[in-house]
1. Quick one: dipole size for segment 131-225, taken about the Cα centre, charges +1 on Lys/Arg Cβ and -1 on Asp/Glu Cβ, in debye to the nearest 20.
2. Any chance you could give the angle, 0 to 90 degrees and rounded to 10, that helix 295-306 forms with the longest Cα principal axis of the chain?
3. At 1.4 Å probe size, with the rest of the protein present, what percent of the exposed accessible area of the chain is carbon and sulfur atoms?
4. Straight-line reach from LYS220: which aspartates and glutamates have Cα under 20 Å away, leaving out those fewer than 8 places along the same chain?
5. Enumerate by residue number the trypsin sites (Lys or Arg not before Pro) in segment 163-259 meeting two conditions: DSSP loop (anything except H, G, I, E, B), and at most 13 other Cβ atoms within 10 Å of the site's Cβ.
6. I'd like the orientation of helix 65-81 relative to the chain: the angle between its Cα long axis and the longest Cα principal axis, in ° from 0 to 90, rounded to 10.
7. On a C-alpha basis, how far is the centre of segment 116-179 from the centre of segment 15-90 in Å? Whole number, if you could?
8. Once amide H atoms are built 1.01 Å from N in the peptide plane, which residues 5 or more positions from LEU264, or in another chain, come under 5 Å H to H?
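The values are calculated or read from the model by the stated rules, or taken from the named source; none is laboratory data. If you're wondering where the values come from, they're calculated on a predicted model, not measured in any experiment. FYI the Cβ positions are ideal-geometry reconstructions off the backbone, even for glycines, and counts take in every protein chain you see. What goes into the accessible areas is simple: the full protein's heavy atoms, side chains included, and nothing from ligands, DNA or RNA. Shrake-Rupley method; radii C 1.70, N 1.55, O 1.52, S 1.80 Å.
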Amino acid sequence: MSALQSALHAATPVADRLATVSWVLIAGATLVFVLVMGLLVAALRSRRTAKASPRAWVLGGGIAFPALVLSALLGWVTWTGGPLSPEHPPGGLVVQVNARNWWWEIRYVDASGAPRVRLANEIHLPAGRPATLSLGSEDVIHSFWVPALAGKVDMLPGRVTQLRVQPRDLGTWRGQCAEFCGEQHARMALHVVVQEAADFDAWLQGQGQPAQAPLAEPAKRGLRVFTAQRCDACHSVRGLTAESTFGPDLTHVGSRLALGAGTLPNSEAALRAWVAGVQQHKPGARMPSFHTLDAEALDALAHFLWQLK
Ligand SMILES: [Cu+2]
């Protein structure tokens, strides 16, 4: 699950431009740094010879030079910047991203705007096709930042912001909430998986299917524990349990890369560890630890969740 989160590894044309801007600013800053250090060394080594007046240094080095350099960089950045959320033809893919304390609810909607697929902390996009991310927040201000795709975009409660992207490179990219939003802000990561269009279509189709009722033990027992413990008060497993959207939709939780918004790489053991000890792995998360469940119940639960592919 090693996924890059770096503004210098761009996977879209917009991110390319941001990466170029970063490099030019880094180069500019380095040049100025070297120049200033050079002057410092020269000043330390020369005996005091009051030839150049201090006024020339203050006016030249303190005002004219920075004004010139900063204006040049500003002009260049403005000129190359262009629209960072390019126009798209209507009718493309729309993905709703709803930030919550402290995870990301992801919904793929159909043409009428009704959600077809719900999942958490993972966005899949087809390479080469334009997609619109509709960014909103359920509670406080968050910020959507997947540096390989685009710059940061604030997510404001009661408002939807559109971010248009056109992924180019296949791969898995990491992103993170970039606006402090409380206790577990640091554990609010997400992954963006850019796939070939055909793979993406198959993935979306699979995610749209309801869960299959488990046919064998211990998964059958796991489902019984799930309902007996009222996990369905907060979670949905479409097709098998009551509907609730307080917590992440678990219909295909076994297919996801990570649990708890990047807290644990996903596996059967991680599912068990998460359910038994959420509050150790992510203190403050809006789910209680089920540490009083016996080992057999936890095993069955983890087995049930892991086979929800
Ligand atoms: Cu945050």
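1. Charge dipole, segment 131-225, about its Cα centre: 180 debye, nearest 20.
2. The answer is roughly 70 degrees.
3. 62 percent
4. ASP232, GLU243, ASP249, GLU268, ASP294, GLU296, ASP299
5. For trypsin sites (Lys or Arg not before Pro) across segment 163-259 that sit outside H, G, I, E and B with at most 13 neighbouring Cβ atoms in 10 Å, the list reads ARG230.
6. 40 degrees
7. 32 Å
8. Here the answer is LEU259, since their amide H atoms fall under 5 Å of that of LEU264.
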